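What follows is one structure encoded as structure tokens, with my remarks underneath.
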Amino acid sequence: MAISYQTDGVKMPAIKRREISAWIKQVAQAHHKKTGDIAYIFCSDEKILDVNRQYLQHDYYTDIITFDYDEGDTISGDIFISLDTVKSNSEQYHQSYERELHRVIIHGILHLCGIDDKGPGEREIMEQAENKALALIGR
């Protein structure tokens, strides 16, 4: 059971892997979950568009795609993050790149913990959970 960080066509972002992994476990525990195998794949806009088209039949760019392989109370999954979109979102929302990257990293974990953001009122619940998690890492 491990949290791994990989890249596909982009440079690895400057993240403190041990600190981020400990934070992910802390957030999962707060949602009464254990962490299993979680793979982060940092990629470009073009790669995430390919993944979106191939696996979800969606023809648009996004910042994150989470594939959920949870079993019981153990969260596992593959999480694709477009660093191009993280950068543009950080500029659009006037956030530091680091904070926006952390927000997207934990967004995937919150999805694995069962929090959705597509239905009525769900976006606000997701934002609250993201902000609470971001306060734990202090950024």
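Data overview
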| read-out | value |
| --- | --- |
| Environment charge at A2 (Cβ cut-off 14 Å; Lys +1, Arg +1, Asp -1, Glu -1) | +2 |
| Proxy reagent accessibility, fewest Cβ within 10 Å first, across R18, R103 | R18, R103 |
| Calculated from backbone phi, Karplus (6.51, -1.76, 1.60) coupling profile of the range 34-43 in Hz, x at Gly/Pro | 10, 9, x, 8, 10, 10, 8, 10, 7, 8 |
| Mean Cα-pair separation over length for the chain, i.e. relative contact order, pairs under 8 Å, 6 or more apart, % | 21 |
| Long-range amide H partners of T7 with built H, under 5 Å | F42 |
| Nitroxide proxy distance, nm - points 7 Å out along Cα→Cβ at R53 and A2 | 3.3 |
| Antiparallel DSSP beta bridges within the chain, percent to nearest 5 | 30 |
| Rounded D (µm²/s) - the chain, Kirkwood Rh over Cα pairs, Stokes-Einstein at 37 °C, 0.692 mPa s | 217 |
| Residues of type aspartates and glutamates that K16 reaches as a straight line, Cα spacing below 13 Å, ignoring anything fewer than 8 places off in the same chain | E98 |
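Values in this text are rule-based calculations from the coordinates and carry no lab data. What you are looking at is a predicted structure, and each value in this text was computed from that prediction instead of being measured. Cβ: placed from backbone, ideal geometry, glycine included. Neighbour counts: every protein chain shown.
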